[in-house]
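Written out below as C-alpha cells is the structure these notes cover.
Every read-out reported here was derived from the displayed coordinates using simple, explicitly stated rules and does not represent laboratory data. The structure displayed is predicted, hence computed values, not measured ones. Glycine gets a Cβ as well: all are built from the backbone with ideal geometry, and neighbour counts include every protein chain shown.
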Amino acid sequence: MPAAYTYLDHNATSPIRPAVFDAMVEALQAGGNPSSVHRAGRSARARVDAARRQVAALVGALPAEVAFTSGGTEANNSALVGAGRKRLLVSAVEHDSVLKAARGMEIVPVDGNGLVDLGVLEKSLAASAEPALVSVMFANNETGVLQPIADVVRVAHAAGALVHCDAVQGAGKVPIDLHGLGVDYLSLSAHKFGGPTGVGALAMRSGAPFASDRLGGGQEANRRAGTENVAGIAGFGAAAVAAGDGLATAEWRDGLEAALIEVAPAARVYGAGASRLPNTTCISMPGVRAETQVMALDLAGICVSAGAACSSGKVTRSAVLLAMGVGSAEAETALRISFGWSTVLEDIERLIAAWRDLYIRVTHSDIPRARAA
Ligand code: PLP
C-alpha cells in the first residue's frame with residue numbers, strides 16, 4: 001500500500017503483507033497444475049498442501065478439514081447449500097453472502113449491541129422437527145461485535161442442528177479454534193488479514209455432511225471442483241503464518257473512540273457494550289452523513305468506510321445498524337474505521353485530526369483546533 005495515504009479500511013481489504021507477496025511471486029514463477037503427476041505438478045501440489053497446513057493451524061482445524069475456495073462469499077454460499085439442510089436459521093446481522101444465499105431462511109434477531117438472541121434461536125429451533133443449519137458470524141464486519149459462538153453451538157447442537165460460522169472478519173485478527181468452538185463449518189477469506197483477494201476456505205469438521213454443487217474435477221477432495229488458485233493459496237498460507245504480527249491493539253481502538261467522542265460528545269460507538277474485534281470502530285458523527293465523511297476524509301488522504309458501504313461503490317444504509325435498533329437517519333451517519341497489520345499510531349492521529357476538522361467545518365462548532373494535535 002503506497003504510504004501516500006492513510007489506510008484505515010482493513011475490514012474491506014487489508015494490504016498484502018510482504019511475505020505474502022513473496023510467496024505468491026514464487027508460486028507464479030514455479031507454475032504447475034496440482035493435479036498433474038509430473039514434477040511441476042507435484043511441486044504445485046506441495047505448495048497447496050503446505051498452505052492447507054498453515055491455514056488449518058490458524059483456526060485449529062486438521063489440514064484435511066480445509067477446502068480452498070475463491071473467497072469468503074463462495075465459502076458461505078457453499079456451506080449453506082452443501083450442508084444439505086433445507087431449514088436455515090441465520091442472524092439478522094450476517095453478511096449478504098449468507099443472507100442472500102438461500103431463500104426462505106428464518107432470521108434470528110439481535111439486541112442493541114448486535115448480539116444474537118439465543119432465546120429466540122432456541123425457541124425457533126424447538127418449533128420444528130425439520131433438521132436445521134444455523135449460521136451465525138464470528139465477528140461483524142461493520143461493528144466488530146463478537147458473537148457468542150460457543151453458546152450458539154450449544155443451543156443448536158442440543159436441537160440437532162448443524163452450525164456454520166462466517167469467520168471472515170475474525171480469522172487472523174483474534175484466535176479462532178474450529179474444534180474448541182464446536183462449529184461444523186467455518187468460512188475464511190485471505191484478503192481480510194494480509195492475504196490476496198479471491199481466495200478463501202471452508203473448514204469443515206471431519207464427519208460434517210457436505211455435498212458440493214460444483215461440477216467438474218475432483219479437486220479439494222471433491223469439495224470444490226476447479227483447478228486451484230495456487231499462487232493465491234500460497235499467499236493465503238503465508239498470511240496465516242504472519243497473522244499475529246504487528247496487529248493493532250484494543251488500546252488504540254479505545255483511544256481513538258475516546259478522542260472522537262471528545263470532539264463530538266453526542267457521537268455513538270455501535271456495539272460498545274459487547275466484546276468486539278480490537279481493530280474495528282463503528283461510530284456516528286452526529287448530523288453528518290457517512291458519505292460526506294468518507295469523501296471529506298478521502299480528500300484529506302484517509303481511507304475509511306461507511307457502514308456496510310461498498311459492494312457496488314455506493315453507500316447504502318447499514319442493515320446491521322438497523323437490525324440493532326438504530327434509527328435510519330442516525331445509521332446514515334455511521335463510519336467504520338478498521339486497523340490492521342500496517343497501521344501505525346500516526347495513522348490514527350491523522351484520522352482524529354481530520355475528523356475534528358470536518359466536524360468543526362460542518363457544525364461550525366468552536367472546538368479549538370489546537371486540541372487536534
Ligand atoms: N463475510 C464477511 C463477514 C465479510 O466481511 C465479507 C467481505 O466483506 C465476506 C463474507 C465476503 O468475503 P469475500 O470478499 O472474500 O468474498
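Figures for the structure shown
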| quantity | calculated |
| --- | --- |
| Crossing angle, helix 250-263 versus the chain [Cα axis fit, 0-90 degrees, rounded to tens] | 30 |
| Total charge dipole magnitude, the chain, about the Cα centre, Cβ charges on Lys, Arg, Asp, Glu only, Debye to nearest 20 | 800 |
| Exposure proxy order (Cβ contacts within 10 Å, fewest to most) of D347, D184, D166 | D347, D184, D166 |
| Amide H within-cut-off set for S275, under 5 Å, with H built and near neighbours excluded | L146 |
| Dipole magnitude (debye, nearest 20) for the range 220-289, charges at Cβ of Lys, Arg, Asp, Glu | 320 |
| Footprinting exposure proxy for H164, H38 (fewest neighbouring C-beta atoms within 10 Å first) | H38, H164 |
| Highest average packing first - 103-111, 18-26, Cβ atoms within 10 Å | 18-26, 103-111 |
| In Hz, Karplus ³J(HN,Hα) per residue of the range 204-221 (6.51, -1.76, 1.60; θ = phi - 60°; x = Gly, Pro) | 10, 4, 3, x, 5, x, 7, 10, 6, 9, 7, 9, x, x, x, 4, 6, 6 |
| Rounded, prolate or oblate (a/c below 1.5 giving rounded, otherwise prolate when a/b exceeds b/c) for the range 3-90 by Cα gyration tensor | oblate |
| Separation between Cα centres of the range 247-283 and the range 23-63, rounded to whole Å | 39 |
| Phi to ³J(HN,Hα) by Karplus 6.51 cos²θ - 1.76 cosθ + 1.60 over the range 64-75, Hz, x for Gly, Pro | 5, 8, 9, 10, 6, 9, 8, x, x, 4, 5, 4 |
| Cα gyration tensor shape of the range 165-223, rounded if a/c is under 1.5, else prolate or oblate by comparing a/b with b/c | oblate |
| Built amide H within the under 5 Å cut-off of L335, gap 5+ | I283, S284, M285, G307 |
| Nearest-ten-degree value, helix 18-30 long axis tilted from longest Cα axis of the chain | 30 |
| FRET efficiency, A127 to L322 (Cβ-Cβ, R0 30 Å, nearest 0.05) | 0.75 |
| Charge dipole magnitude, Cβ of K and R +1, D and E -1 - the range 55-191, Cα centre, debye nearest 20 | 240 |
| Rounded to 5, the percent of DSSP beta bridges in the range 18-242 classed as antiparallel | 45 |
| Residue exposure sequence - L121, L58, L186 - by fewest surrounding Cβ within 10 Å | L121, L58, L186 |
| Lys pairs, the range 18-242 - Cα-Cα below 22 angstrom, 8 or more residues apart or on other chains | 4 |
| Tilt relative to the chain, helix 149-158 - C-alpha long axis, 0 to 90 degrees, to 10 | 50 |
| Fraction of the pair-distance distribution of the range 18-242 above 21 Å, Cα-Cα pairs, percent | 52 |
| Cut-off under 5 Å, modelled amide H: who pairs with T6 long-range | I302, C303 |
| Paramagnetic label zone (point 7 Å from Cα along Cα-to-C-beta, A158; backbone N under 20 Å) in the range 107-123 | 108-111, 115-123 |
